[in-house]
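The structure under discussion appears below in the form of structure tokens.
The values are calculated or read from the model by the stated rules, or taken from the named source; none is laboratory data. Predicted model only: the values in this text are computed from it and were never measured. No Cβ is skipped: glycine too gets one built from the backbone with ideal geometry, and neighbour counts run over all protein chains shown. Areas reflect the complete protein model, heavy atoms only, side chains present, ligands, DNA and RNA absent. Shrake-Rupley method; radii C 1.70, N 1.55, O 1.52, S 1.80 Å.
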Amino acid sequence: MKKGLALFLTLTMSLSLAACGSQPASNNGGSSTGQSSGGQQDKIVLWTLAKDLEQFAERYTQETGNEVEVVVFDSADFETKIMQTLGTKSKDVDVFVGEPQMLPNFYEAGFCADLSDLDSEVKSRLVDYTYQAGCDENGTLRAISYQACPGSVIYRLDIAEKVFGTNDPEEIGKKFSSFNEIVKTAEELQEAGYKIFGDTGALRWFSISSNPWVKDGQIIVDQDRLDYFDAAVEIYQKGYVANATEWSAPWYASMAGPLPIIDADANVWEMTGEGLADEVGSGAATTEVFSYVMPSWGALIIRDNAADNKGNFGVCSGVSPFFGGGTFLTVNEYSEHKEAAKEFIEFCTLNDDTAQWWLEASNGDVVANKKVLEDNYDYQNPSFGNQNTYAFYSKEMEHIDYSLITGYDDACKEAFGQAIVSVQKGEKTKEDALKEFYMVVTTTYPELSIPDNAPINQ
């Protein structure tokens with residue numbers, strides 16, 4: 001496997017687990033969850049990234065009595081810790097989690113046990129792209145996710161009504177259907193006093209649309225990517241974005257209401273929500289952000305930071321379907337408790353009751369269980385204008401083309417984004433920036449080549 005497979009997608013919402021030992025779990029989904037031999041199970045140990053899955057473990061303990069010891073690691077250290085520990089064939093962990101970009105490394109190293117006996121169930125009952133991500137390059141199932149992370153454009157209903165005369169998701173989706181349409185939409189919003197995005201980084205989610213980043217060993221920059229490049233430069237240079245960089249205090253604050261006008265060269269990382277509120281309150285010139293582009297977990301971030309704007313957002317499709325992040329559970333190949341470990345994973349991923357419980361307990365997470373999603377199609381999400389968000393995300397996932405994903409995606413996206421920024425700020429011409437992009441990627445991955453029809457050759 002090429003070293004490029006160590007990279008895979010960007011951004012995630014990671015999870016963790018816990019539980020304790022004997023008696024079979026409730027199973028309303030067709031998988032055999034419970035003890036493997038009729039006696040008390042041995043305790044299993046789980047290594048994970050965050051604390052959300054501790055709730056799964058508590059539920060598992062209540063229903064089975066089986067014990068799971070949970071160890072939570074910082075996300076920055078997690079992959080290194082797994083590689084170092086399991087590289088010694090350690091038996092100290094039975095279940096561990098992996099984000100999509102980590103999984104190829106874990107598969108290649110031989111750390112993930114074969115879960116082929118669950119293949120048909122996972123393939124038929126869980127969202128297709130999560131099944132594909134859980135398979136190694138030979139098609140062997142090695143990891144399973146209870147969660148799906150489809151993407152969308154998340155937009156302000158009130159601003160849509162004021163500027164476009166409608167906030168219908170189908171109609172607003174048309175305004176994000178191509179990069180050229182996005183530029184037109186941004187101009188309309190600017191004329192009305194609004195900004196289309198916090199910053200142009202929102203567009204990166206649509207950088208995989210018609211072709212993979214790498215095909216037959218060649219780096220692909222097609223017309224869609226050139227349109228993405230041009231749109232990002234234009235909406236930045238014309239001031240159509242709020243200069244509120246993702247994850248900064250202004251970006252979070254924009255979800256709740258007006259922002260003071262931020263200069264493109266300002267250091268947003270030194271700003272605070274309290275300071276921004278003081279500026280707005282003192283009568284500073286303000287603007288508001290219309291939309292965000294994120295996976296479904298991003299919708300939860302917006303919901304939780306919207307304050308009085310909660311309920312004033314909708315979700316619609318964009319240039320192309322996408323997904324980002326997700327937590328996959330796998331069994332340590334060297335574990336001495338593989339059956340108990342697998343049963344815990346089945347409980348988390350293939351049990352309909354568990355999926356319905358998590359959908360409700362998480363207050364909005366999109367589960368990978370297709371039946372449970374279908375059962376909730378009519379759910380009117382109060383945080384998103386009573387829209388049927390589960391039906392929407394399910395439909396979006398039907399169009400995710402997993403074949404477009406390659407192990408080189410993160411490196412290509414990052415280098416392409418840096419090229420865009422250099423042109424946005426006037427540091428390079430578009431041609432020079434693209435040459436830099438190709439140089440960075442081919443230096444990182446010498447096995448890749450630049451095709452004869454590359455834009456720098458024309």
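Taking residue 279 as the residue in question, decide whether it is open to solvent by less than 40 Å² (accessible area, probe 1.4 Å) and either part of a loop (DSSP other than H, G, I, E, B) or farther than 15 Å from residue 155 by Cα (or both). For residue 279, the condition - open to solvent by less than 40 Å² (accessible area, probe 1.4 Å) and either part of a loop (DSSP other than H, G, I, E, B) or farther than 15 Å from residue 155 by Cα (or both) - is not met. Could you list, in sequence order, all residues of segment 381-402 that are under 17 Å from residue 206 (Cβ atoms) and either in a loop (DSSP other than H, G, I, E, B) or open to solvent by 80 Å² or more (accessible area, probe 1.4 Å) (or both)? Within segment 381-402, 399, 400, 401 qualify. Among residues of segment 130-159 being touching a strand residue (DSSP E or B) at 6+ places or on another chain (Cβ under 6 Å) and assigned to a helix (DSSP H, G or I), the one that is surrounded by the most Cβ atoms within 10 Å (Cβ to Cβ) is 130. The residues in segment 306-319 that are in a loop (DSSP other than H, G, I, E, B) and open to solvent by 10 Å² or more (accessible area, probe 1.4 Å) can be counted, and the count is 6. Within segment 360-380, track down each residue that is open to solvent by 20 Å² or more (accessible area, probe 1.4 Å) and outside any loop (DSSP other than H, G, I, E, B). Selection gives 360, 361, 370, 371, 374, 375. Within segment 419-451, the set of residues being within 14 Å of residue 214 (Cα to Cα) and either surrounded by fewer than 16 Cβ atoms within 10 Å (Cβ to Cβ) or in contact with a Phe, Trp or Tyr (Cβ under 8 Å, 6 or more places away or on another chain) (or both) comprises 437, 441, 442, 445, 446, 447, 448, 449, 450, 451.
For segment 82-107: of the residues being of a type in the set (D, E, K, R), in contact with an Asp or Glu (Cβ under 9 Å, 6 or more places away or on another chain) and more than 25 Å from residue 295 (Cβ to Cβ), which is surrounded by the most Cβ atoms within 10 Å (Cβ to Cβ)? Taking the candidates together, the pick is 94. Of all residues in segment 75-101, those satisfying the criterion of being free of Cβ contacts under 8 Å to residues at least 60 places away in the same chain and touching a helix residue (DSSP H, G or I) at 6+ places or on another chain (Cβ under 9 Å) are 79, 82, 83, 87, 92.
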